[in-house]
Amino acid sequence: MIARYGYKPIFQYKFRPFGQNGGQPADGGFTILLYENGILSFSTYDAQGLFLDELCFSLPGRVLQCFFGLLRNAASWLPSTPANLQGQEGALYGSSFAFDGYDPIRVFGMNSLICEPCGSAGGFFARHLYVLFEDISNLFAEYGVNLTLDGFSWNTEQIRPFRKNQLYSSGQQRGVV
């Protein structure tokens, strides 16, 4: 994972839609980065994969404590997860997961993989990965951030996004984000 803003990312999730029947997707998806300072970055992309926009959210320290607890619980299976998991042909999107200290994992066809029969290696790892992702999403949801495999939103009554330049222009020290 690439460090931005002087802090190391500890979690990254990328969603990339594919066009149906070989066509162009409506958009280029999004990326979520959780940094070690509690800043959550949400970036969007156009259909060609070019960066469009980034919003940031400040999450409390409890999120980081719980996140690292979830990673400790996943330590029995996460290191042996294949770098590429492929579901059935014709997947509508691809996902990429990266967790602090582990190699990134690319998944194509998560929905079909999690439904594979017991005993299937792809199904085993996809289900574990999905549960870890759900636990992280539930942690974010406590603070008004809603993350699903194919979507991202927030509750403005609980949390307000900011842009990194807003933080700098507000007189706070550079490098906080």
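Entry comment: accessible area of the range 19-122 is 50 Å² per residue, from protein heavy atoms only and a probe of 1.4 Å. All Cα-Cα separations within the chain were binned at 5 Å from zero, giving a P(r) of 1, 8, 16, 20, 20, 16, 11, 5, 2, 1, 0, 0, each value a whole percent of the pairs.
Exposed loop sites here are GluC sites (Glu not before Pro) assigned a DSSP state other than H, G, I, E or B and surrounded by at most 12 other beta carbons within 10 Å; excluding them, the longest clear run of the chain is 1-88. Ordered from largest to smallest accessible area (heavy atoms of protein chains, 1.4 Å probe), the residues CYS56, CYS66, CYS118 come out as CYS118, CYS66, CYS56. Using alpha carbons only, the radius of gyration of the range 19-115 set against its Kirkwood radius gives Rg/Rh = 1.01. Within the accessible surface of the chain, defined with a 1.4 Å probe on protein heavy atoms only, the carbon and sulfur portion equals 51 percent.
When you restrict to C-alpha pairs under 8 Å that are six or more residues apart and normalise by the size of the chain, the relative contact order lands at 20 percent.
Calculate how steeply helix 121-141 sits against the longest principal axis of the alpha-carbon atoms of the chain, using the helix alpha-carbon long axis, and give the answer as 0 to 90 degrees to the nearest 10. Result, in degrees: 20. Computed over the chain, the per-residue total of -39500 (n - 2.57) for DSSP H runs of n ≥ 4 gives a 222 nm mean residue ellipticity of -7500 deg cm²/dmol, rounded to 500. Here's the picture: charge each Lys and Arg Cβ at +1 and each Asp and Glu Cβ at -1 in the chain, and of ALA141, ALA26, GLN88 the one pushed furthest to the positive end of that dipole is ALA141. In the range 90-160 the Cα-Cα distances spread across 10 Å bins starting at 0 as 18, 44, 29, 8, 1 percent of all pairs.
The values are calculated or read from the model by the stated rules, or taken from the named source; none is laboratory data. What you see is a predicted model; the values in this text were computed from it and never measured. Quick reminder, even Gly has a Cβ in these numbers, built from the backbone with ideal geometry, and neighbours come from all protein chains shown. Side chains are part of the model used for accessible areas, which takes the heavy atoms of the whole protein and leaves out ligands, DNA and RNA. Shrake-Rupley method; radii C 1.70, N 1.55, O 1.52, S 1.80 Å.
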